[in-house]
1. Starting from 0.36 nm per residue, how many nanometres of slack lie between Val88 and Val146 once their C-alpha separation is accounted for?
2. Viscosity 1.002 mPa s, temperature 20 °C: give me the Stokes-Einstein translational D for segment 1-112 in µm²/s, with Rh taken as the Kirkwood radius over C-alpha pairs.
3. Would you please put 123-135, 70-82 in order of how densely packed they are, using the mean number of other Cβ atoms within 10 angstrom per residue and starting with the highest?
4. What is the Cα centroid distance between segment 73-139 and segment 32-56, reported in whole angstrom?
5. Let me make sure I get this right: for segment 3-42, a, b and c are the square roots of the gyration tensor eigenvalues over alpha carbons, sorted descending. Under 1.5 in a/c it's rounded, otherwise prolate if a/b > b/c, else oblate. Which is it?
6. Efficiency by 1/(1 + (r/R0)^6): what FRET value for Gln76 and Trp28, r their Cβ-Cβ distance, R0 = 41 Å, to the nearest 0.05?
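Computed from the coordinates by the stated procedures, all read-outs in this text should not be read as laboratory data. Just so you know, these numbers come straight off a predicted model, no measurement behind them. Cβ atoms come from the backbone with ideal geometry, glycine included; neighbour counts cover every protein chain shown.
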Amino acid sequence: MGLSISIATGLYGISFGALSIAAGLNLWQTVALSALMFTGGSQFAFIGVISGGGAGSAAFSAASLLGVRNAVYGMQIKQSLRPQGRQVPWMAQLTIDESTAVSLGQARMAEKRRGFITAGTGIYILWNLFTVLGALLGEQMGDPAVWGLDGAAVAAFIGLLWPRLKSAQPVMIALAAAVLTALAVPVSAPGMPILITAVCAAIFAVFTSGKVPNATEHGRLRSVEQEPGQEEQ
């Protein structure tokens with residue numbers, strides 16, 4: 001899973017490299033964005049504002065808004081994988097949507113760690129290589145959408161999300177999030193729709209977390225149901 005996601009997401013770097021050059025950034029600026037920022041949504045938000053004539057501060061704000069989600073991913077990865085002190089800096093750099101999803105989608109600790117490292121490292125290497133390729137090709141490629149590169153990231157996210165839709169509740173949450181995001185796009189600043197959706201999902205989780213019995217309570221309830229007179233005896 002980590003390798004397949006790496007290839008799909010890495011290929012999308014061609015699109016970023018080409019669009020970044022078209023937006024007016026030079027080769028080294030484009031390379032620096034992929035190597036240092038390394039979060040596709042923030043990078044596209046940055047060059048989107050620049051290409052639209054926006055100031056550097058506005059581009060930075062848009063990229064930062066989208067980058068907030070990586071802090072949440074970082075907390076999840078730290079709690080799940082328990083990295084040692086010296087591992088934290090490079091694991092933080094590799095903490096993105098795909099590496100987090102691949103890791104949290106595994107059952108055993110070894111698989112979680114392997115999935116995170118495979119997806120994170122693979123995407124970092126391929127994303128930067130294809131960014132350079134896209135930047136060098138520049139306008140010679142034409143519209144990246146003609147090559148289908150605009151759909152690579154979407155396909156990768158659907159592939160990560162699909163295995164988690166195992167019951168009615170996740171399906172309804174996913175649909176509600178999609179609708180809310182679509183409604184927020186035309187009326188909010190770049191980067192805000194995903195934050196609005198994330199806040200709503202967090203609020204939903206807070207209000208519903210207490211309604212689901214834990215394993216101990218569930219076992220006790222089943223025991224009482226099977227032997228109704230046991231407690232009185």
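1. 16.9 nm
2. 141
3. Final packing ranking: 123-135, 70-82.
4. So the separation of the two Cα centres works out to 20 Å.
5. prolate
6. For Gln76 and Trp28, the calculated efficiency is 0.80.
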